[in-house]
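**Q** One structure, pasted below without further comment.
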Amino acid sequence: MCGIVGYIGSKEKTINVLLKGLERLEYRGYDSAGIAYLDQNQIQLIKKSGKLNCLEKSVDRNLLTEMGIGHTRWATHGEANEINAHPHRHGKIVAVHNGIIENMNALKKELEEKGISFVSDTDTEVFVALLNDAFEKYQDMKKAIEYTMSKVEGSYAIVCFNEDDKEHLYVMKKDSPLLIGVGMGEMFVASDYQAFREFTKKYVLLDDFEYGIIGKNAWHIYKDGKEVEKKLEVLDEQDILSNKEGYDCYMHKEIYDIPEVLTNLLTFYETKEIHSIPDYCKYNKIQIVACGSAYHAGCVGKNLFAHFAHFPVEIEYASEYRYQPILADEHTLVIFVSQSGETADTIHCAKKIKEMHIDSLAIVNVYNSTLSRLTDYVYYMRAGEERAVATTKGYSSQIALFIVILREWMKAKNTWTVSLEEQYQEGKRKMLQVIQPCFKNFEHFSWISNIISKPMNFFIGRQSDYALSLEASLKLKEVSYLNSSAYAAGELKHGTISLVEKGTPVFAIATDKNTYEKTKSNLMEVKARGAYVILTTLDTVDQEIDVDEKIIVPDVGALFQPIITIIPFQLLSYQVAKSLDLDIDHPRNLAKSVTVE
Ligand code: G6P
């Protein structure tokens with residue numbers, strides 16, 4: 001989703017910092033990009049639709065300027081073209097924005113009645129026009145900002161500057177992330193510290209309704225007219241900067257990161273003293289709230305709790321949870337799962353739960369992200385930077401954390417038996433042992449041409465295999481654009497089987513020994529109707545079954561099995577996208593950090 005960068009400082013560095021920053025924010029997903037800077041005391045704008053290299057070609061890297069702002073746009077209001085790309089300018093003011101102005105139509109009407117006209121379809125231009133109108137009235141940027149913030153509804157992280165003031169950048173924040181990077185004689189602004197981490201490790205996090213004035217040597221943050229004191233944060237060094245390290249794309253590299261991530265994560269959480277654990281005995285209900293793949297990891301978590309702890313867990317999409325009555329109380333633990341920790345729907349739910357004084361726990365990757373600051377307990381995924389839009393190591397580490405939490409939970413309730421601990425240790429050992437060879441085995445599926453060009457792919461499974469089917473199907477869709485859906489294996493016959501015809505690919509995941517025979521019957525039903533069946537099952541079950549293809553995964557025991565079983569599907573999605581010559585790390589229309597509802 002939109003990425004914001006701002007810089008004030010050395011005139012030799014500005015353009016470089018803006019372009020580098022935008023590159024670092026590419027992972028968020030975008031469809032146009034632009035920068036604005038001051039040249040001979042005049043605002044200059046360069047905007048291009050498409051990828052960052054289109055913008056980079058048009059920018060003179062040797063240009064000298066002490067201040068500038070940049071933006072990668074993920075279209076919300078209006079097409080992804082040059083006119084709608086940010087920055088937007090009205091009068092003396094130019095700005096970049098992440099978020100959505102919900103009352104843009106009413107504000108636009110008011111401004112149009114005053115004779116102000118608009119060139120783009122964006123809500124951002126309305127924001128800038130309003131700010132400029134207020135500046136013309138007050139002749140004071142701080143007052144103009146306060147007025148504008150009192151009028152707009154919705155979410156925004158804004159960085160702007162005024163053509164007549166080359167000493168300052170101005171920032172505003174509500175519901176979308178915004179940080180100030182603090183350097184020596186230079187300051188940075190960005191929606192994520194990845195944008196400036198090469199230049200400074202010190203930063204300040206803005207909170208909702210805060211706004212600020214930033215010069216190259218000092219920054220001042222305000223709320224409701226009064227200056228607020230802010231804490232200077234220092235970047236966590238364990239959050240290592242990622243690069244492709246010889247892989248052709250980040251997705252591929254990040255799949256290969258999984259063994260190391262899991263080894264470190266499990267070792268870290270086995271050392272109990274170093275993180276704070278909720279009083280699990282207090283709860284009689286768990287609710288899991290998340291979006292996308294994080295929701296799918298939650299589905300695996302729910303299954304683990306049902307099968308091992310016999311404990312009921314509710315799971316909801318954040319976008320649904322926030323609009324329904326919250327059926328939780330002081331005996332409920334709400335677990336939010338999010339790689340970025342910035343997903344707007346998840347954040348809104350976490351705010352609601354905080355207001356209700358209900359206990360919350362975050363499974364989150366990005367250190368100091370909004371979600372991590374809203375919840376009572378934080379379990380960091382410790383997966384390192386994940387740059388491919390489609391999550392792989394993030395998803396695996398979320399599942400691993402559900403195993404960690406299940407173990408802690410059952411230990412607290414005295415139900416974690418010696419035999420379960422043996423299962424855990426043995427499962428972990430086997431999982432870490434077989435995961436590398438798995439990569440080799442699943443690096444090349446000879447039959448992928450049989451699924452490309454088919455109008456539909458189905459994924460079926462039961463219990464945790466159904467949860468994995470949801471993720472496997474999403475992964476394929478996300479990066480390869482092939483149409484695909486996941487169903488609980490027993491449900492296919494209630495309608496969807498009518499879509500199965502000769503050659504329709506059906507991926508049956510059957511690693512759960514308790515339901516293996518049942519899923520086998522379901523796949524025979526589709527096979528009888530001509531489906532091209534790809535069965536995924538364990539190396540320890542009887543594989544005498546007539547299917548078209550088999551993906552045999554090592555049996556590592558029910559606790560850790562989901563982590564192994566998803567690997568071939570992550571690699572399959574990568575291979576299909578590669579064979580179709582698609583932009584694997586930045587699939588069209590997708591964003592990694594979805595900061596709008
Ligand atoms: C986007 C991404 C998904 C991700 C989801 C939730 O839709 O494309 O890959 O699973 O957001 O993101 P989060 O950061 O909250 O895990």
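The values are calculated or read from the model by the stated rules, or taken from the named source; none is laboratory data. No experiment lies behind these values; they were computed from the predicted model shown. Methodologically, a virtual Cβ is constructed for each residue, glycine included, from the backbone with ideal geometry; neighbour enumeration extends over all protein chains shown. To get the accessible areas, we keep the full protein, side chains included, count just its heavy atoms, and leave off ligands, DNA and RNA. Shrake-Rupley method; radii C 1.70, N 1.55, O 1.52, S 1.80 Å.
**Q** Using only the alpha carbons, work out the radius of gyration and Dmax of region 111-268 in angstrom.
**A** 19.8, 64
**Q** Give the accessible area for Y222 in Å² (nearest 10); use a 1.4 Å probe, count only protein heavy atoms, and leave out ligands, DNA and RNA.
**A** It works out to around 30 Å².
**Q** Further question: My understanding is that a pair violates if its Cα-Cα distance is over 22 Å; which of K454/K493; K137/K166; K108/K216; K201/K393 do that in this structure? Walk me through the intermediate numbers first.
**A** Values: K454/K493 20 Å; K137/K166 20 Å; K108/K216 34 Å; K201/K393 25 Å.
Pairs exceeding the cut-off: K108/K216; K201/K393.
**Q** Right, here's the next one. Any chance you could get the radius of gyration and Dmax over the Cα atoms of the chain, in Å?
**A** 25.4, 80
**Q** May I pose another question? Hey, if we sort D208, D542 by accessible area with the 1.4 Å probe, largest down, what's the order? Mind dumping the intermediate values first?
**A** On the way: D208 30, D542 90 Å².
Result, largest first: D542, D208.
**Q** Return a whole-number percent for the relative contact order of region 96-254, with Cα pairs under 8 Å and 6 or more residues apart as the contact set.
**A** Details: 251 pairs, mean separation 26.6, N = 159.
Relative contact order of region 96-254: 17 percent.
**Q** Put R73, R429 in order of accessible area, largest first, 1.4 Å probe: what do you get? Intermediate results must be reported in sequence, preceding the final value.
**A** Values: R73 5, R429 115 Å².
Ranked list, largest accessible area first: R429, R73.
**Q** Taking a temperature of 4 °C and a viscosity of 1.567 mPa s, what whole-number D in µm²/s does Stokes-Einstein yield for region 408-494 with Rh from Kirkwood over alpha carbon pairs? Please list the in-between numbers first.
**A** Details: Rh = 16.1 Å.
Calculated translational D: 80 µm²/s.
**Q** Do any GluC sites (Glu not before Pro) in region 134-229 lie in a DSSP loop with no more than 16 other beta carbon atoms within 10 Å, and if so, which?
**A** Within region 134-229, the qualifying GluC sites (Glu not before Pro) (loop, at most 16 other Cβ atoms within 10 Å) are E153, E163, E198, E229.
**Q** What figure, in Å² to the nearest 10, do you get for the accessible area of K285 with a 1.4 Å probe and non-protein molecules left out?
**A** About 50 Å², rounded to the nearest 10.
**Q** Suppose a student asked you for the relative contact order of region 290-352, using Cα pairs under 8 Å spaced at least 6 residues apart; what percent would you report? Intermediate values should be presented prior to the final figure.
**A** On the way: 49 pairs, mean separation 27.0, N = 63.
Once normalised by length, the contact order is 43 percent.
**Q** Would you work out the relative contact order for the chain, in percent, from Cα pairs under 8 angstrom that are 6 or more residues apart? Intermediate results must be reported in sequence, preceding the final value.
**A** Working: 1286 pairs, mean separation 73.3, N = 597.
Averaging sequence separation for qualifying contacts and normalising by length gives 12 percent for the chain.
**Q** Once amide H atoms are built 1.01 Å from N in the peptide plane, which residues 5 or more positions from S32, or in another chain, come under 5 Å H to H?
**A** When sequence neighbours closer than 5 places are left aside, the close amide H contacts are G50, R73.
**Q** So what's the gap between the Cα centers of region 245-297 and region 12-70, to the nearest angstrom?
**A** That distance is 35 Å.
**Q** On to the next question. Do any GluC sites (Glu not before Pro) in region 306-399 lie in a loop, going by DSSP, with at most 14 other beta-carbon atoms within 10 Å of their beta carbon, and if so which? Write down the numbers at each step before the final one.
**A** Numbers: sites: E314, E316, E320, E330, E342, E355, E385, E386; in loops: E330, E342, E385, E386.
Sites meeting the loop and neighbour criteria: E330.
**Q** Order E233, E544 by their accessible area, 1.4 angstrom probe, all chains in place, largest first.
**A** Working: E233 30, E544 155 Å².
Per-residue accessible area, sorted high to low, gives E544, E233.
**Q** Moving to a separate point now. Rounded to the nearest 500, what is the chain's calculated 222 nm mean residue ellipticity when only DSSP H runs of at least 4 contribute -39500 (n - 2.57) each, over all residues?
**A** Working: 16 runs with 201 residues, N = 597.
Helix contribution divided over all residues of the chain: -10500 deg cm²/dmol.
**Q** Next question. Please report the accessible area of F439 (heavy atoms, 1.4 Å probe, ligands and nucleic acids excluded) in Å², nearest 10.
**A** Its accessible surface works out to 0 Å², give or take rounding.
**Q** So if each residue of separation counts as 0.36 nm, and I subtract the Cα-Cα distance between Y256 and E320, what length gain in nm does that give?
**A** 19.7 nm
**Q** Using alpha carbons only, how many angstrom separate the centre of region 326-351 from the centre of region 380-412?
**A** 16
**Q** Just how far, in whole angstrom, is region 528-560 from region 143-188 if you go by their alpha carbon centroids?
**A** That distance is 55 Å.
**Q** Subtracting the Cα-Cα distance from 0.36 nm times the residue separation, let me have the gained length for N103 to Q543 in nm, one decimal.
**A** Numbers: separation 440, 0.36 × 440 = 158.40 nm, distance 5.96 nm.
That works out to 152.4 nm of additional length.
**Q** Could you give log10 I(q)/I(0) at q = 0.15 Å⁻¹ for region 442-597, computed by the Debye formula over C-alpha point scatterers of equal weight, without solvent?
**A** The computed values of log10 I(q)/I(0) come out as -0.76.
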